[in-house]
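One structure is given below, encoded as structure tokens.
What follows is calculated from the coordinates using simple rules that are stated; it is not laboratory data. Remember, predicted model here, so these are calculated numbers, not experimental data. Cβ: placed from backbone, ideal geometry, glycine included. Neighbour counts: every protein chain shown.
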Amino acid sequence: MTIKAAVVGATGYAGAELVRLLACHPNVEITGLSSTSFAGQTIDEIYPSFKKCTLPTLTDMDTAIAGADVVFAALPHGLSEPLAKQCAAAGSLLIDLGADFRLESEEEYEAWYKKSFDEPELHDGAVYALPELFRDRIRDAKIVANPGCYPTAAALGLAPALKAGLVKSEHVIIDAKSGVTGAGRSLTQNTHYPETNETISAYKVGSHRHTPEIEQSLSHMAGAPVKVTFVPHLLPVNRGIEETIYVPLAEGVTMEQVRTAYEAFYKDEPFVRIERDGISAQIRNITRSNFCDISLHLDKRCGMLIVCSCIDNMVKGAAGQAIQNMNLRFGLDETTGLDTLPAGF
């Protein structure tokens, strides 16, 4: 099988990561790349790492998506709904790395993104596509809503405990830290080198737009509403997310039960790895891979379960997960093209 793929927004960080991974995928032919800023150029003029890689010249969006079986949209929120309508008319699958189709509630979307659904009928065919949790729904999706990076680490970190009722889920605290690529390629004051180097800084404290997405996934796992206090930070590194998640254990639950539940839940998952007792998950062990590493810890004094969840924000948190979803949707082994191992140093 050869899948014709187009990437819209190919010169942003997530778009370029998609191109990097798709170019090595044995079942993919990249037929179109679009860029508003760099149309007419080749992608190696923007990213020299693509030298000697035969890829289409950057064009406008309409030209790039023509004839594609799958269109990956690496765009800011608010721009994917019109593209989804075009893809539906052309019979192409849209995999959206933005936020337009992630939230089930239009009311929540309006509250956090200050925008309503422009094409509400399209949302009925959209699937929130975190493979480890919603795999069966992805296989029939008309539109794939690729999860955000922070919500991916949070959902994978807590799903087994919530699903098994091992924790008190009314209020979860998530202390998250990300590499600067998560802020995108456009330079802003808080991502300027002197502002991020040799420091760590919290941002959008209590108001980050990934909050409702995290709560949506966790509530599905718990079978009841879950509220989170979510505080993201910028790390002085290029990529990687580490989330430290705090949630009280339910009465009488032991760490042996917790570990058993996690190991059983992820036993057959190719991209989730549970650390041994006493080992903390670290971003250096997942960089440039599609893995999520999870470590489990206990604060005995407080009866608090502490989960450390690590992913590469550009791979499992964006492009890698999008390709994992493509593989599922087209009936391929979901690990195809994603077997890169992290360096670990």
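A few notes on this one:
- Across the options ILE279, LEU298, ALA6, the greatest Cα extent toward the positive end of the charge dipole of the chain (unit charges at beta carbon of Lys, Arg, Asp, Glu) belongs to ILE279.
- Theoretical FRET efficiency, 1/(1+(r/R0)^6), r = Cβ-Cβ of THR188 and THR36, R0 22 Å, to 0.05: 0.75
- Sorted peptide list for 5-13, 129-137, 297-305, criterion being average Cβ within 10 angstrom, highest first: 5-13, 129-137, 297-305
- Local electrostatic count at SER37 - Lys and Arg +1, Asp and Glu -1, tallied over other residues with Cβ under 15 Å: -1
- Modelled spin-label separation between ASP44 and ASN27, with each label point placed 7 Å from Cα along the Cα-to-Cβ direction: 2.8 nm.
- Shape analysis of the stretch 1-72 places it in the oblate category; the axes a ≥ b ≥ c from the Cα gyration tensor give an a/c of at least 1.5, with a/b not above b/c.
- Bridging of LYS267 to lysines at a Cα separation below 23 Å is possible for LYS163, LYS316, once same-chain residues fewer than 8 apart are set aside.
- Sites VAL237 and ASP136 - FRET efficiency at Förster radius 41 Å, r taken between beta-carbons, to 0.05: 0.70
- Distance between the modelled labels on MET304 and ALA224, one decimal in nanometres: 2.1 nm (7 Å Cα→Cβ projection).
- Its alpha carbons give the stretch 150-313 an Rg and a Dmax of 15.7, 50 Å.
- Directionally averaged projected area (convex hull, Cα atoms, the stretch 108-162), nm²: 4.6
- Among TYR193, TYR128, TYR150, residue whose mean-square fluctuation peaks in a GNM of the chain (springs only between Cα atoms under 10 Å): TYR193
- Distance histogram in 10 Å bins (all Cα pairs of the stretch 3-124, percent per bin): 14, 44, 29, 12, 1
- Normalised contact order of the chain, rounded percent, pairs of Cα under 8 Å and 6 or more residues apart: 17
- Sorting the segments 59-66, 238-245, 114-121, 276-283 by their residues' average number of neighbouring beta-carbon atoms within 10 angstrom, most packed first, yields 238-245, 59-66, 276-283, 114-121.
- Inter-probe distance in nm under a simple model that places probes 7 Å from Cα toward Cβ, at PHE330 and ARG284: 3.6
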